[in-house]
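**Student:** Pasting in a structure now, in structure tokens, and then I'll have a few things to ask.
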Amino acid sequence: MPAEVFNPNPVVFSPTKGLGRKSELLAQSLWIDEPTSSDGEVDDVELIDQDEVFDLIRSIYDPEHPNTLEELRVVSAPQIKIEQNWVTVEFTPTVPHCGMSTLIGLCIRVRLLRSLPNRFKVDIFVKPGSHQSEHAVNKQLNDKERVAAALENPVLLDTVEQCLRDAGRRGLPII
Amino acid sequence: MYKVSAVAELPGHEDRAWAVAWNPAKSVLASCSADKSVRLYSYSTTTDGELKFVPVSSIPTGHTKTVRSIAWSPSGETLATGSFDSNIGIWEQENGAGEWECMTILEGHETECKGVAYSSTGTLLASCSRDKTVWVWEVHPDADFECLGVLMDHTQDVNATTHSHISPSPAQILASGSYDDTIKLYVDDPTEDWYCFSTLTGHGSTVWSLAWSPSGSYLASASDDKTVRIWKRTEEFKWESVLAISAHDRTVYSVSWGVGKPKEGGLGWLATAGGDGSVKIWELKEPEVTDVVAKNTPPEHRLIATLPSAHGVHDVNAVSWSRKTGMEDILATAGDDGATRIWKITP
């Protein structure tokens, strides 16, 4: 773990079940309000919405705290946009000088790379104005060559795996 | 308009294929991949006039990380591999026909080697890396390489290098494109060493790929800003941006400039490919000559063919024209699906 702690005292929010989720607010099935899939859509193409993507990333751990990205409000469903096969994920670093931002973004990217069907193209950005090196962070996160090289670095990959160790919880508490 | 027809699909790699290279002397095509291997395919024309490709061998390489780039020497005898393990491998066939052997490993880069390129004479090899440097190596007999210079002009990762195909007076030019959004041009000063004589700015993001026009008087660059730019030599040591084409919906990863089917005033065909999965073919012509033509008049360009989803839902990482006489309309692509595909451009 890094010697320097960028945000020693983050605000932790309790993840109220379904907080910020459109589907729970509507108290309906995840699929019911989706545009009809009958016209021309191939049946075996699974529809994926922002809540589904949020579920995939909400339980990723922050690299320097024992909390999930959801608990730190680094990620939220409204910050995820999907247009056809293009997914855009915006996240909010807890402090503007957060040196962990590229690592957090890398964890989100790896998680989505592994769990979304490969037809999806994913862009990841920090929330505008939330980071002092916004452009540099965004550029690095969306450069697939740098991402590919990072994942061949065993130390970095191990750190990512640690952050992703309970990502499959999808917001549910540890039993 | 033209159409792009599939000639062959060459699967094989177990992971993303990063680059593809036509052997300049033999009927062989090579591809490299994140699976750390190089795959070789030979091709021939059947009696029906159809092009047929068959896999001939695979080089495991021994690189410990992704093989990011490959380059053939002009003789077609030697293959260079650039890897994320920061090394460059030099490969030749035993007795010119047998197993592929590693002749030497060139060490020097501190981090990922992202590009390798031979000069058109085969006497020089250039390599570039995330360590921000471009190395120029002199090729000696018996796989002996001497580093002639380390060019440290870029401020970020260097993604691509290429030598000019021909030798415009007075010397060959080496070009490099970078994560710092610029392109640098270098020449060999006989009294000193290789030096950067020009920095080309204009792209709004990483420069991923470079290609000289067949005539050597233009340079094309592909960028993360989704455009392809055309740079023109307007004076001996002056290159200017003359054209920016909004080429793709996502990052343009690769550009290749072939002779195409030459027409009067034709500058050849430009092929571009990128993260939107499409391949596009552009015809370029010298500007119409009127009374006064400014030196920086852009060439005329026309999109003559579009191939959507060249590798299904996957990114297309590389595009390369065949240089063989009679095959100027043949194109190879490599994609995130690990496949190499061959295409023919037909009217």
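The values are calculated or read from the model by the stated rules, or taken from the named source; none is laboratory data. All of these numbers come straight from a predicted model, not from anything done at the bench. No Cβ is skipped: glycine too gets one built from the backbone with ideal geometry, and neighbour counts run over all protein chains shown.
**Student:** Looking at the range B:204-249, which of its residues are within 14 Å of chain A (Cβ to nearest Cβ), β-branched (Val, Ile, Thr) and in a strand (DSSP E or B)?
**Tutor:** Scanning the range B:204-249 gives a single hit, B:207.
**Student:** If you check every pair at least six apart or on different chains, which have Cβ atoms under 7 Å apart with a residue in the range A:150-165 that is within 12 Å of chain B (Cβ to nearest Cβ) first and a residue that is modelled with pLDDT under 95 and part of a helix (DSSP H, G or I) second?
**Tutor:** Between residues of the range A:150-165 that are within 12 Å of chain B (Cβ to nearest Cβ) and residues that are modelled with pLDDT under 95 and part of a helix (DSSP H, G or I), there is no close pair.
**Student:** Could you please find all residues in the range B:69-91 being more than 14 Å from chain A (Cβ to nearest Cβ), polar (S, T, N, Q) and crowded, with 21+ Cβ neighbours inside 10 Å?
**Tutor:** B:73, B:81
**Student:** From the list B:134, B:158, which one is aliphatic (A, V, I, L, M) and within 14 Å of another protein chain (Cβ to nearest Cβ)?
**Tutor:** It is B:158.
**Student:** On the basis of being within 14 Å of chain A (Cβ to nearest Cβ), outside any loop (DSSP other than H, G, I, E, B) and of a type in the set (A, V, I, L, M), does residue B:332 make the cut?
**Tutor:** So residue B:332 does not fit the description; no.
**Student:** For the range B:172-189, how many residues meet the condition of being aliphatic (A, V, I, L, M) and assigned to a loop (DSSP other than H, G, I, E, B)?
**Tutor:** 1
**Student:** Now a separate question. Contact list please: Cβ distance under 8 Å, first residue in the range A:78-89 and away from every other protein chain (no Cβ under 12 Å), second residue at pLDDT 95 or above and in a loop (DSSP other than H, G, I, E, B), pairs at least six apart or on different chains.
**Tutor:** A:79/A:92; A:79/A:127; A:87/A:116; A:87/A:120; A:89/A:75
**Student:** So residue B:191 passes all but one of these: (1) surrounded by fewer than 22 Cβ atoms within 10 Å (Cβ to Cβ); (2) within 14 Å of chain A (Cβ to nearest Cβ). Which condition number does it fail?
**Tutor:** With (1) surrounded by fewer than 22 Cβ atoms within 10 Å (Cβ to Cβ); (2) within 14 Å of chain A (Cβ to nearest Cβ) applied to residue B:191, the lone miss is (2).
**Student:** Please go through the range B:24-61 and give me each residue that is assigned to a loop (DSSP other than H, G, I, E, B), of a type in the set (Lys, Arg) and either surrounded by 18 or more Cβ atoms within 10 Å (Cβ to Cβ) or without any contact (Cβ under 8 Å) to a residue 12 or more places away in the chain (or both), ordered by number.
**Tutor:** Across the range B:24-61, the qualifying residue is only B:36.
**Student:** Select, from A:125, A:120, the only residue that is among the aromatic types (Phe, Trp, Tyr), under 15 Å from residue A:75 (Cα atoms) and either more than 14 Å from every other protein chain (Cβ to nearest Cβ) or touching a residue at least 24 places away in the same chain (Cβ under 8 Å) (or both).
**Tutor:** It is A:125.
**Student:** If residue A:113 meets every condition in (1) surrounded by 18 or more Cβ atoms within 10 Å (Cβ to Cβ); (2) under 29 Å from residue B:337 (Cβ atoms) apart from one, which number is that one?
**Tutor:** With (1) surrounded by 18 or more Cβ atoms within 10 Å (Cβ to Cβ); (2) under 29 Å from residue B:337 (Cβ atoms) applied to residue A:113, the lone miss is (1).
**Student:** Also: Please work out which residue is surrounded by the most Cβ atoms within 10 Å (Cβ to Cβ), limiting yourself to the range B:299-346 and to residues that are of a type in the set (S, T, N, Q) and within 12 Å of residue B:275 (Cα to Cα).
**Tutor:** B:317
**Student:** Let me ask something else about it. Would you list the strands (runs of 3 or more DSSP E) that sit entirely within the range A:36-152 and hold 2 or more residues that are within 27 Å of residue B:17 (Cβ to Cβ) and hydrophobic (A, V, I, L, M, F, W, C)?
**Tutor:** A:86-91, A:121-126
**Student:** Scanning the range B:98-123 for residues that are within 14 Å of chain A (Cβ to nearest Cβ) and either touching a residue at least 60 places away in the same chain (Cβ under 8 Å) or not in a loop (DSSP other than H, G, I, E, B) (or both), which turns out surrounded by the most Cβ atoms within 10 Å (Cβ to Cβ)?
**Tutor:** Filtering first and then ranking leaves B:113.
**Student:** Mind listing just one residue for me: the one in the range B:252-272 that is within 14 Å of another protein chain (Cβ to nearest Cβ) and in contact (Cβ under 8 Å) with a residue 60 or more places away in the chain and, of those, farthest from the chain's Cα centre (by Cα)?
**Tutor:** It comes out as B:253.
**Student:** If I filter the range A:131-149 down to residues being among the small types (Gly, Ala, Ser) and over 22 Å from residue B:15 (Cα atoms), which single residue comes out as farthest from the other protein chains (Cβ to nearest Cβ)?
**Tutor:** Looking at residues that are among the small types (Gly, Ala, Ser) and over 22 Å from residue B:15 (Cα atoms), I get A:133.
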